[in-house]
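Below is one structure, written out as structure tokens; comments come after it.
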Amino acid sequence: MAKYLPTIGLEVHAELKTRTKMFCDSRNDPDEKRPNVNICPICMAHPGTLPVINKAAVRHVLRVGTALGATLADFTEFDRKSYFYPDLPKGYQISQYKYPLVSGGSLNGVAITRVHLEEDAARNQHLSATESVVDFNRAGVPLMELVTEPVITSAKQASDFARELQLLLRYLGASDANMDKGEMRVEANISVAKAPDMLASADTRGTDAEGREKMQTLGTKVEVKNLNSFKVVEKAIEYELARQVKELEAGGTIRQETRGWDDAKQATYSQREKQSSHDYRYFPDPDLPKLKLSGCPEFANLRETLPELPWERRERLKTVFGLKDEAAEIFVGDHFLGSFFEETVKGKEGEKGFVALAANYITSDLMALMKAEDPRADLGEDEATDRLIAITPAEFAKLICMLADGEISSRAGKDILLALFATGGSPRAYAETNGLMQKSDEGTLSVVVHDVITANESVAADVRGGKLAALQFLVGQAMRETKGSANPAVLRKMFAEKLGITSDI
């Protein structure tokens with residue numbers, strides 16, 4: 001790719017969390033399994049029906065814009081975007097064209113062009129090569145569309161942006177943004193241009209003057225639609241960049257088109273020629289009022305309504321708790337685990353050893369138990385909605401204290417966590433009942449040390465002769481004799497003193 005400059009822009013659609021649809025009072029329920037039950041004459045486009053704007057959806061988009069540091073519109077309107085397809089009952093989609101709700105802003109270092117509001121289409125289901133059905137439950141669901149500037153230069157940067165946007169939508173409560181459910185869909189506009197002088201020309205048929213100028217600078221844009229996972233976003237972009245370079249290297253030209261992703265073949269495929277804005281025949285929707293947002297009290301003081309945002313929490317976790325990037329990312333990406341961690345270390349922020357131990361046990365042992373309980377859970381990435389864990393953060397904190405103070409061994413800590421994960425209860429009581437408290441009293445352990453040395457005189461002689469590695473064998477024997485209840489550090493010290501070892505051990 002050294003001879004070519006990749007340029008990528010993203011269009012991301014997210015279904016918004018509202019009680020009803022965008023322009024009617026039909027229920028907005030992405031989990032509804034029965035087809036065509038959340039519908040009404042308005043979202044089915046029956047003659048004589050009139051749409052009404054959902055204020056909650058408008059507010060969601062304005063809060064997203066506020067979090068992005070964008071410019072919020074004072075005046076806005078909705079437009080009709082005309083195209084014909086079975087999933088669009090009206091023959092047009094109500095969207096926004098000239099006056100979007102949000103302009104500008106940035107996320108994860110990527111500049112945003114606009115964020116606007118529209119209605120979703122129905123869901124087509126192709127039963128066979130000759131039979132298709134349409135479920136209109138999704139028709140009219142509020143849909144936010146975010147468009148980035150064409151400033152992304154790699155597949156990894158594109159997927160990182162999409163992940164951060166998903167986090168933002170969840171933190172704001174604007175959308176669950178589950179990609180596997182179609183609640184968030186990513187489309188990538190991809191082009192390559194020769195470096196350093198770029199492409200001198202491109203196939204610019206069917207574009208306006210501004211489009212021709214951009215294509216001459218950036219190369220011919222190809223849109224890859226409906227990428228339904230972050231991994232697919234990366235794979236599709238990487239494939240398409242390589243395909244375009246290969247085509248140019250062979251002396252060909254890139255055709256402006258829309259392509260899809262074939263997961264089985266791990267390749268993009270041509271769907272249709274890319275349409276331009278004039279093909280949609282946009283015009284203001286005459287059935288909807290134009291909006292003067294400054295006159296709506298529901299949209300005032302939006303910044304005060306924002307929670308701590310993902311990047312703010314990420315920085316705080318690193319600064320206040322000294323977490324490494326991996327642990328911080330897990331706690332930012334998973335609300336349950338993040339809250340569990342913060343409740344565990346509450347009041348102990350300055351105790352770095354305790355904090356590090358708690359973070360380690362949560363991101364390793366606790367996550368492993370949760371994954372075993374629900375193998376489908378995407379821990380550390382997706383927001384939890386139903387985490388059935390009996391052990392509380394307060395009990396978990398007591399367990400970490402016992403580990404940090406050397407009252408129990410690491411092995412005992414894992415056993416206690418396994419036992420209390422599903423039942424809850426006191427870690428100390430469980431340890432005492434099951435003989436897991438670590439013995440550190442030298443008077444009690446002196447008999448064990450004496451017996452182990454007596455039973456292993458040759459090894460003891462090796463230690464006296466300077467073979468310090470043999471010391472660990474004696475410690476292991478003593479741990480076995482005490483059924484793992486002895487403090488290994490205390491045993492090591494006692495063996496060293498008994499055998500006359502004075503060097504640093």
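Every read-out reported here was derived from the displayed coordinates using simple, explicitly stated rules and does not represent laboratory data. Owing to the predicted nature of the structure, the values given are computational and were not obtained by experimental measurement. Reconstructed Cβ throughout: ideal geometry from the backbone, glycine too, with neighbour counts over all protein chains shown.
Given 25 °C and 0.890 mPa s, compute D for segment 442-498 with the Stokes-Einstein relation, Rh being the Kirkwood radius over Cα pairs; round to the nearest whole µm²/s. After rounding, the answer is 224 µm²/s. Here, P(r) means the percent of Cα pairs in each 10 Å bin from 0 to the largest distance; for segment 310-433 it is 13, 47, 33, 7, 0.
Cross-link check: pairs Lys3/Lys231; Lys21/Lys318; Lys221/Lys292; Lys371/Lys398; Lys33/Lys414 evaluated at a Cα-Cα cut-off of 31 Å; pairs beyond the cut-off: Lys21/Lys318; Lys221/Lys292; Lys33/Lys414.
Straight-line reach from Lys467: taking Cα to Cα under 18 Å and skipping same-chain neighbours fewer than 8 places apart, the lysines in range are Lys493, Lys498. Between the amide H of Tyr4 and those of Ala195, distances stay under 5 Å, these residues lying 5 or more places away or on another chain, with hydrogens modeled in the peptide plane. Taking a Cβ cut-off of under 11 Å around Asp120, the surrounding Lys, Arg, Asp and Glu residues balance to a net charge of -2, with basic ones at +1 and acidic ones at -1. Placing unit charges on the Cβ atoms of the charged side chains and taking the dipole of segment 49-156 about its Cα centre, the candidate lying farthest along the positive direction among His126, Ala73, Gly140 is Ala73. Reported value for segment 4-298: 142 Å³ per residue, from the convex hull of its C-alpha atoms. Determine which lysines satisfy two conditions relative to Lys81: a Cα distance under 17 Å, and not lying fewer than 8 residues away in the same chain. Of all the lysines, those that pass the test against Lys81 - Cα under 17 Å, at least 8 places apart if same chain - are Lys90, Lys98, Lys274, Lys290. In this structure the amide hydrogen of Arg114, modeled in the peptide plane, comes within under 5 Å of the amide hydrogens of Gly104, Val147, none closer than 5 places in sequence on its chain.
For a straight C-alpha distance cut-off of 18 angstrom, the lysines reachable from Lys324 (same-chain residues fewer than eight places away being disregarded) are Lys348, Lys352. Each other residue within a Cβ distance under 14 Å of Asp287 adds +1 if Lys or Arg and -1 if Asp or Glu, for a net charge of -1.
Shape summary: the chain maps onto an equivalent ellipsoid whose semi-axes, from the alpha-carbon gyration tensor, are 59, 28, 21 Å in decreasing order.
The Cα atoms of segment 13-105 define a convex hull whose projected area, averaged across directions, is 6.9 nm². A cut-off under 15 angstrom between Cβ atoms defines the neighbours of Thr66, and their net charge, with Lys, Arg +1 and Asp, Glu -1, is -1. Close amide H partners of Glu273, meaning residues 5 or more places away or on another chain with modelled amide H under 5 Å apart, are Thr258. Diffusion coefficient of segment 262-350 by Stokes-Einstein, Kirkwood radius over Cα pairs, 10 °C, 1.306 mPa s: 84 µm²/s.
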